[in-house]
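Have a look at this one.
What follows is calculated from the coordinates using simple rules that are stated; it is not laboratory data. Just so it is clear, the model here is predicted, and its values are computed rather than measured. Cβ: placed from backbone, ideal geometry, glycine included. Neighbour counts: every protein chain shown.
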Amino acid sequence: MSREIKLVFAGSMGAGKTTAIRSISEIEPILTDVANTDRAEFDKTDTTVALDYGELTLGIGEKLRLYGTPGQVRFDFMWSIMAEGALGVVVLIDNSRPDPIADLLKYLGAFRELADAGAAIVAVGRMDTHPRPTLDDFATALDQLGLLVPVMPADVRRRQDVLDVLEVLFQQIEATEEHAEAVDDWLGFVRAAAPRGGS
Amino acid sequence: MMSRAIPESLKKAFDREVASLHGRVPGVIGCVIATVDGRLVSSVVDNEADPQRVSAMAGSMVALGETIGREVKIGRSQFVVVSALGGILLLQRVPAERELLVVGTLARNNTNLGILLHETRGTASTIGRELDEWLAANLKG
């Protein structure tokens with residue numbers, strides 16, 4: 001039976017969430033872009049306000065459902081909505097921003113449950129022009145949080161880079177799941193769902 | 001890795017309800033049941049709308065409606081309506097002991113919104129009862 005897996009792309013505005021999904025989606029992505037009126041925050045014409053969505057079928061009969069979050073903190077209510085039912089999160093960091101380590105802490109913190117479960121990865125972009133902070137700096141920051149989260153460079157305009165990030169994420173998730181108790185998947189979903197009126 | 005295959009008996013029951021709504025309400029051109037996290041469970045759609053893509057957005061729309069409802073202090077959102085030039089999309093949760101599903105009904109724009117609401121709510125309630133029965137039988141302990 002084919003399986004479907006929900007993945008979330010998070011990160012600051014302009015980090016490349018929409019681009020990453022567009023790079024690997026086999027369908028025309030659903031985009032909720034509108035004109036960006038905050039050119040001081042990031043100089044681009046459009047920005048995501050609700051979600052991006054794309055799909056990618058893997059060779060092993062699994063379909064990835066790819067969700068991109070809006071980057072600005074004022075949209076943080078969408079982050080928790082997007083996280084519901086997600087198997088993992090890719091946190092994209094733009095190393096050209098003023099404080100990429102602060103971005104890491106902010107966005108990984110928003111998906112802390114997934115990070116704690118070993119279902120997160122950090123992909124750092126624009127390292128060619130902005131080599132600092134280094135990957136070691138990110139690893140140190142994660143270590144101080146007590147998180148085991150892989151960090152790797154990625155140019156999300158390149159399909160292979162995004163696929164490489166996902167491969168490492170899946171390896172991490174599978175390594176974690178090997179130690180988890182096997183449960184019926186539907187039952188697991190039902191048990192995890194909010195009770196009536198609870199959300 | 002984990003996935004969530006809905007039990008076949010539930011899937012068949014939901015398929016029946018979706019087909020029933022589609023068949024009994026004039027003007028309804030589609031009905032979709034999706035999980036709250038955006039997976040397609042059951043659908044009938046007459047036009048070119050892709051149920052997979054609609055499902056991916058439906059759960060988020062319902063959740064966003066509830067978030068906005070809380071924000072503006074008007075309480076819990078009951079449903080979300082997209083009223084467009086070419087039709088109406090009505091989205092709401094399936095009322096059950098666990099908040100697992102949402103239902104969306106697509107109708108032509110000359111459809112009476114009150115009837116659409118009433119019939120969608122009825123379908124959602126039936127689906128909710130079927131889900132609750134399954135939960136009671138299978139979710140002990």
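Taking the Cα atoms only, what angle lies between the long axis of helix A:135-144 and the longest principal axis of chain A, rounded to 10 degrees?
Around 50 degrees separate the two axes.
Moving on. Sort A:Arg22, A:Arg191 by Cβ crowding within 10 Å, fewest neighbours at the top.
Starting with the residue having the fewest Cβ neighbours, the order is A:Arg191, A:Arg22.
Another one. Using a Gaussian network model of chain B whose springs link C-alpha atoms within less than 10 Å, name the residue from B:Gln92, B:Gln52, B:Gln78 with the highest mean-square fluctuation.
Among B:Gln92, B:Gln52, B:Gln78, the largest GNM mean-square fluctuation belongs to B:Gln78.
So if I take the centroid of the Cα atoms in region A:91-152 and the same for region B:3-65, what is the distance between those two points in Å?
First find each Cα centre; the distance between them is then 37 Å.
A further question follows. For region A:3-192, what are Rg and Dmax over the alpha carbons, in angstrom?
Gyration radius and largest Cα-Cα distance of region A:3-192: 15.9, 48 Å.
How high is the relative contact order of region B:45-141, in percent, counting Cα pairs under 8 Å that sit 6 or more residues apart?
20 percent
Here is a further query. Which of the lysines could be linked to A:Lys6 by a straight reach, that is with a Cα gap under 29 Å, when you skip same-chain ones fewer than 8 residues away?
Here the lysines satisfying the reach criterion relative to A:Lys6 are A:Lys17, A:Lys44, A:Lys63, A:Lys106, B:Lys11, B:Lys12, B:Lys140.
Using Cβ contacts closer than 10 Å as the measure, can you line up A:Glu113, B:Glu130 from fewest to most?
Least to most surrounded, the residues fall as A:Glu113, B:Glu130.
Let me ask something else. Hey, what's the Cα Rg ratio for the protein assembly as shown versus the globular rule of thumb, 2.2 N^0.38 Å?
1.02
Need the full-extension length gain, B:Arg70 to B:Asp46, defined as separation in residues times 0.36 nm minus the C-alpha distance. One decimal, nm.
My answer for the length gained is 5.2 nm.
For region B:104-141 and region A:20-52, what is the separation of their C-alpha centers, rounded to whole Å?
If we compute the Cα centre of each part, the gap is 34 Å.
Same structure again: Treating the angle as unsigned and between 0 and 90°, give the value, to the nearest 10°, between the Cα long axis of helix A:100-110 and the longest Cα principal axis of chain A.
Long axis of A:100-110 versus the principal axis of chain A: about 30 degrees.
I would also like to ask the following. How would B:Met61, A:Met82 line up from fewest to most surrounding beta-carbon atoms within 10 angstrom?
The fewest-first ordering by Cβ neighbours comes to B:Met61, A:Met82.
What residue among A:Ala102, A:Ala123, A:Ala50 has the largest mean-square fluctuation in a Gaussian network model of chain A, using Cα springs under 10 Å?
A:Ala102
Which of the DSSP-defined H helices in chain B satisfy a minimum axial length of 18 Å, computed from C-alpha atoms, and a minimum mean Kyte-Doolittle hydropathy of -0.5?
B:51-71, B:113-138
What does the convex hull of the alpha-carbon atoms of region B:8-136 project to on average, in nm²?
Computed as one quarter of the Cα hull surface, the answer is 7.6 nm².
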